[in-house]
Amino acid sequence: EDDKGPQVDIEVADEQGNVIRRFKAPAKRGVNRATWDMRRDAFREPPRLPEQRFFEPQGPEVLPGTYTVTVKYKEHQASSKVRVGGDPRASISDTDRKSNFDALVKLGKMQETATDAIEKIQGTKSDIDVVLRKADALDRMAALKDPEKSPYKSLRESGNKLKKQLEELERKFWQPPKTKGIPPETDAMNKISYAQQAIDSAPGSPTPSHQAHMKVAENFLKKAQD
């Protein structure tokens, strides 16, 4: 994707009118081509360090059906319908395709629920850091060198204690990017990811094993929320 020149905004909507994919493409003079990979938008996930991302996240492949593609450029826009068919190489019934898609969407929503919780926890930790930095600044202004005599001693103790509790809670949802060593695979995001990979690699209806992985992921997420 060329993000240096003018671009068009492209939206793909399903038969119910729900926009399931948004992306950009170059808009240059002459003929322009843009490719949709037949997938919906990726589900939201917590930010990771660049070196920890082996591939860009992507959503599940859409179901066969009719979709509306809208191309927008400034005040101009044009729409057209496209028909998406099933992969002819895979003899899968529409029912099985939908079961697979629905399972991935359910896991994706679980992932976004975990992401919301993680972002709230990180936001709270950042707020605590702001308060602690202000306390440090006030101590410096008062030329106070002994932290034991600081009027903000109890505030610091409470803030640091709360941060540790939040860090423990966060690890129930995922392993933060700066985690050292090999962390145990006992967080909700790990279980969700495992179930997603298993179901996405087998395009048919989820097997009893897949359903068991989904249940485990659901239980870990619920446990983290409690």
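The values are calculated or read from the model by the stated rules, or taken from the named source; none is laboratory data. Quick caveat, the model's predicted, so the values are computed rather than measured. Cβ sites come from the backbone with ideal geometry, for glycine too, and all protein chains shown count toward neighbours. When the accessible area is computed, the model is the full protein with side chains, heavy atoms only, and any ligands, DNA or RNA have been set aside. Shrake-Rupley method; radii C 1.70, N 1.55, O 1.52, S 1.80 Å.
Quick notes on this structure:
- Test: residue in segment 80-92 that is among the charged types (D, E, K, R) and in a helix (DSSP H, G or I): no
- Of all residues in segment 144-159 being touching an Asp or Glu at 6+ places or on another chain (Cβ under 9 Å), in a helix (DSSP H, G or I) and open to solvent by less than 80 Å² (accessible area, probe 1.4 Å), the one that is farthest from Lys125 (Cα to Cα): Arg156
- Looking only at residues in segment 72-111 that are closer than 26 Å to Ala25 by Cα and among the polar types (S, T, N, Q), the one that is most open to solvent (accessible area, probe 1.4 Å) is Gln77.
- Search result, residues across segment 8-43 that are under 26 Å from Thr66 (Cβ atoms), open to solvent by less than 70 Å² (accessible area, probe 1.4 Å) and part of a strand (DSSP E or B): Val8, Asp9, Ile10, Glu11, Val12, Ala13, Val19, Ile20, Arg21, Phe23, Ala25, Arg39
- The listed residue being free of Cβ contacts under 8 Å to residues at least 24 places away in the same chain, within 15 Å of the chain's Cα centre (by Cα), open to solvent by less than 90 Å² (accessible area, probe 1.4 Å) and on the phi < 0 side of the Ramachandran plot, out of Pro46, Pro57: Pro57
- Taking every residue in segment 195-222 that is touching a residue at least 40 places away in the same chain (Cβ under 8 Å) and pairing it with any residue that is hydroxyl-bearing (Ser, Thr, Tyr) and open to solvent by less than 60 Å² (accessible area, probe 1.4 Å), at least 6 positions away or on another chain, the pairs with Cβ-Cβ distances below 9 Å are Ile199/Thr207; Gly204/Ser93; Gly204/Ser99; Ser205/Ser93; Ser205/Ser99; Pro206/Ser99; Ala217/Ser193; Leu221/Thr113.
- In the condition set (1) open to solvent by 20 Å² or more (accessible area, probe 1.4 Å); (2) in contact (Cβ under 8 Å) with a residue 40 or more places away in the chain, Met141 is compliant with all but (2).
- Residue that is most open to solvent (accessible area, probe 1.4 Å), among those in segment 205-226 that are polar (S, T, N, Q) and more than 16 Å from Lys98 (Cα to Cα): Gln225
- Every residue from segment 191-204 that is under 22 Å from Leu63 (Cβ atoms) and either open to solvent by less than 70 Å² (accessible area, probe 1.4 Å) or in contact with a Phe, Trp or Tyr (Cβ under 8 Å, 6 or more places away or on another chain) (or both): Ile192, Ala195, Gln196, Ala198, Ile199, Ala202, Gly204
- Any hit, segment 167-190, residues being open to solvent by 40 Å² or more (accessible area, probe 1.4 Å), assigned to a helix (DSSP H, G or I) and over 30 Å from Asp102 (Cα atoms): yes
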